[in-house]
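Take a look at the structure below.
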Amino acid sequence: MLTMAIPTGRSMEDAAELLTKADILPPGTDPGRRLDIPLGELRIILVKPQDVPPLVHMGFAQLGLAGQDVILESGARVAVLHDTGLCPCRMVIAGPPKAREGLMNSPNRKLRVATKYVRTADQVLPQRGLRTVTVPLHGSVEIAPALGIAEVIMDIVQTGNTLKANGLSVLMELFPVTMRLIANPGALNLQWDRIRPMLERIREVSG
Ligand code: PRP
């Protein structure tokens, strides 16, 4: 028996479509509000995107579909088997126009960065030459500059509509984000015979 965790929310549809094309999910299966879909030797579970990597890491699911953003942020030790290229977006630093100058030129004080991605910010931003203090928020990070909580935000951008609606723009590109197929490293050894055909089918249909 294999369990695959897929994300709820905006990536769910793309994940379900990929699995349908790969003949893993029967056509016409509409996850709807179902969180547990038994398919004989495979069980699909639907969980919050940020819960996919930890559940795979802990072995509650052997496989998962997760964005590169949540994989990095989770710190979970998982094997990335394939980049599906789906749900493309970018991790960026964004802010109001006045923040542009202060981004690279504030030698005397640290820049406050509001983000849901605290671990990633602490890891990535020093590598980009930024001296920052991370301000953790669970969402609505785009409001932080207007409230004075932080000068800039670090977040994912897909269409750019949320930034635009809040008077913000991209100040620095950090890394691209796409949905990856991940696996529990132990399960790769023990259940490779079952995992391999699924990986091959997913690879075939996602290019
Ligand atoms: C993400 C992200 C931005 C928004 C960007 O949030 O944190 O707020 O999407 O998308 P856009 O560029 O297409 O406007 P999400 O909607 O996933 O909600 P969350 O804050 O609840 O995670």
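The values are calculated or read from the model by the stated rules, or taken from the named source; none is laboratory data. Quick caveat, the model's predicted, so the values are computed rather than measured. Note that each Cβ is placed from the backbone with ideal geometry, even for glycine, and that neighbours are counted across all protein chains shown. The area values use the complete protein model at the heavy-atom level, side chains included, leaving out ligands, DNA and RNA. Shrake-Rupley method; radii C 1.70, N 1.55, O 1.52, S 1.80 Å.
When only C-alpha pairs under 8 Å and at least 6 residues apart count, what is the relative contact order of region 89-176, in percent?
Values: 160 pairs, mean separation 42.8, N = 88.
Once normalised by length, the contact order is 49 percent.
What's the tally of Lys pairs in the chain whose alpha-carbon atoms lie under 23 angstrom apart, where the two lysines are 8 or more places apart or on different chains? Summing the qualifying lysine pairs gives 6. Here's the picture: charge each Lys and Arg Cβ at +1 and each Asp and Glu Cβ at -1 in the chain, and of 11, 45, 138 the one pushed furthest to the positive end of that dipole is 138.
Could you report the chain's accessible area per residue, 1.4 Å probe, as an integer in Å²? Mind dumping the intermediate values first?
Working: 10750 Å² over 207 residues.
Computed with neighbouring chains in place, this is 52 Å² per residue.
Based on C-alpha pairs under 8 angstrom that are at least 6 apart in sequence, region 38-140 has a relative contact order of 20 percent. Could you tell me how many degrees, from 0 to 90 and to the nearest 10, lie between the Cα long axis of helix 192-206 and the main elongation axis, the longest principal axis, of the Cα atoms of the chain? So the inclination is approximately 60 degrees. Note on the chain: helix-only mean residue ellipticity at 222 nm, from DSSP H runs of 4+ residues weighted -39500 (n - 2.57) and normalised by residue number, equals -9000 deg cm²/dmol. 3J(HN,Hα) along region 38-53: x, 10, x, 7, 10, 10, 9, 10, 10, 9, 4, x, 6, 8, 4, x Hz, from the Karplus curve 6.51 cos²θ - 1.76 cosθ + 1.60 with θ = phi - 60°, whole Hz, x for Gly and Pro. How tilted is helix 12-21 with respect to the longest principal axis of the chain? Cα atoms for both, answer in degrees (0 to 90, nearest 10). Roughly 40 degrees between the two axes. When only alpha carbons are used to place a centre, region 1-59 and region 178-206 end up 13 Å from one another.
Measuring gaps between exposed loop sites in the chain (trypsin sites (Lys or Arg not before Pro); DSSP loop; at most 15 other Cβ atoms within 10 Å), the longest gap, sites not included, is 132-207. Database remark: amide H of residue 133 closer than 5 angstrom to the amide H of 111, 112, 113 (H placed geometrically; neighbours at sequence offset of 5 or more, or on other chains; Pro and chain starts carry no H). If you fit an axis through the alpha-carbon atoms of helix 118-127 and take the longest principal axis of the Cα set of the chain, what angle between them do you get, 0 to 90°, nearest 10? Between the helix axis and the principal axis of the chain, the angle is about 60 degrees. Take every Cα pair under 8 Å whose residues are at least 6 apart in sequence, average their separation, divide by the length of region 1-74, and the relative contact order is 44 percent. About the centre of its Cα atoms, the chain shows a dipole size close to 640 debye [charges on the beta carbon of Lys, Arg (+1) and Asp, Glu (-1) only; nearest 20 debye].
Between amide H atoms placed 1.01 Å from N, distances below 5 Å from residue 86 occur with 179, all of them 5 or more places distant or on a separate chain.
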